[in-house]
1. Just one of the numbered conditions (1) part of a loop (DSSP other than H, G, I, E, B); (2) farther than 22 Å from Phe150 by Cα; (3) not polar (S, T, N, Q) is not true of Gly52; which one?
2. Within segment 2-27, take every residue that is touching a Ser or Thr at 6+ places or on another chain (Cβ under 8 Å) and surrounded by fewer than 17 Cβ atoms within 10 Å (Cβ to Cβ) and give me the one that is nearest to Val211 (Cα to Cα).
3. Filter segment 28-49 for residues that are buried (at least 19 other Cβ atoms within 10 Å of the Cβ) and among the β-branched types (Val, Ile, Thr); which is farthest from Gly8 (Cα to Cα)?
4. State which residue is surrounded by the most Cβ atoms within 10 Å (Cβ to Cβ) when the search covers only segment 178-197 and only residues that are among the aliphatic types (A, V, I, L, M) and more than 15 Å from the chain's Cα centre (by Cα).
5. Could you tell me which of the residues Ser78, Ser57 is more than 24 Å from Pro129 (Cβ to Cβ) and of a type in the set (Ser, Thr, Tyr)?
Amino acid sequence: MKSVLCYGDSNTWGTATMPRPDGRYAPGERWPGVLGADLGSDWLVIEEGLPGRTTVSDDPIEGAEKNGLTYLLPCLNSHKPLDAIVVMLGTNDLKARFGKSAWEIAAGVGRLIDVICAAPAIGRGGHDPAVVLVCPPPMLARLPGHEEMFAGGASKSGEMAVHYRRVAEMRSTAFLDAGSVVRSSVVDGFHLDPEAHLALGHAIASIVRTV
């Protein structure tokens, strides 16, 4: 059985934009669940989504555990051997308290990919796992209840795909601009509706099959 690790934030964890038990979409609704259904029984999909996770920054308000860099290597070693790793992070780096540019957020994602590529013996049979970098879809201009938290974030989010693509090209990894296949929910401006999870899961599955 092959395995794919999905490393992300609340849009990987499945934060719901409509009523769901505990505010989380069911396993089959979340994009990793859709990915697993598409890939079939020969694949194990490992969900590693954490709401609030950043690329490389401790969060002074939500906690140091939100840092995607410090947890990445233990996570890789916990789940090895891995055939593929899908990374979709960056939305939480848009919070005003971090003051990051779109370029800096992409550089943080690049640091994560460097850690993956340098990690010893995490692939199957001595091979390096394939990496798929996914740029989160842009935020909407209207962010009900989150305007101050993400002040200035919407405009930066629209610039991220260009920088993410460059990061992927420099490291020879597969790339998906999620904004080309899904749109953030009008409910809060940055999470995904069920239809978006479905479309995103299908799009990522088509890439994983090829890598």
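Taken together, the values in this text are just the output of simple stated rules run on the coordinates, not laboratory data. Computed from a predicted structure; not experimentally measured. Virtual Cβ from ideal backbone geometry, glycine too; neighbours counted across all protein chains shown.
1. (2)
2. Filtering first and then ranking leaves Arg24.
3. The residue in question is Val34.
4. Filtering segment 178-197 down to residues among the aliphatic types (A, V, I, L, M) leaves 178, 181-182, 186-187, 192, 196.
Add one more test, that the residue is more than 15 Å from the chain's Cα centre (by Cα), and what stays is 186-187.
Working: Val186: 11, Val187: 15.
Looking at the filtered set, the residue picked out is Val187.
5. Result of the check over Ser78, Ser57: Ser57.
Quick grid of which residues meet (1) crowded, with 16+ Cβ neighbours inside 10 Å; (2) over 18 Å from the mean Cα position of the chain (by Cα):
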| site | (1), (2) |
| --- | --- |
| Ala84 | yes, no |
| Lys100 | yes, no |
| Trp103 | no, no |
| Asp114 | no, no |
| Arg142 | no, yes |
| Glu148 | no, yes |
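Here's the yes/no breakdown for (1) buried (at least 16 other Cβ atoms within 10 Å of the Cβ); (2) in contact (Cβ under 8 Å) with a residue 24 or more places away in the chain; (3) over 24 Å from Val4 (Cβ atoms); (4) not small (Gly, Ala, Ser):
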residue: Cys117; (1), (2), (3), (4): no, yes, no, yes
residue: Ile122; (1), (2), (3), (4): yes, yes, no, yes
residue: Gly125; (1), (2), (3), (4): no, yes, no, no
residue: Leu176; (1), (2), (3), (4): yes, yes, no, yes
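Yes/no matrix, rows are residues, columns are (1) in contact with a strand residue (DSSP E or B) (Cβ under 8 Å, 6 or more places away or on another chain); (2) part of a loop (DSSP other than H, G, I, E, B):
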| residue | (1), (2) |
| --- | --- |
| Pro19 | no, yes |
| Gly28 | no, yes |
| Gly36 | yes, no |
| Glu48 | yes, no |
| Val56 | yes, yes |
| Tyr71 | no, no |
| Val86 | yes, no |
| Gly90 | yes, yes |
| Trp103 | no, no |
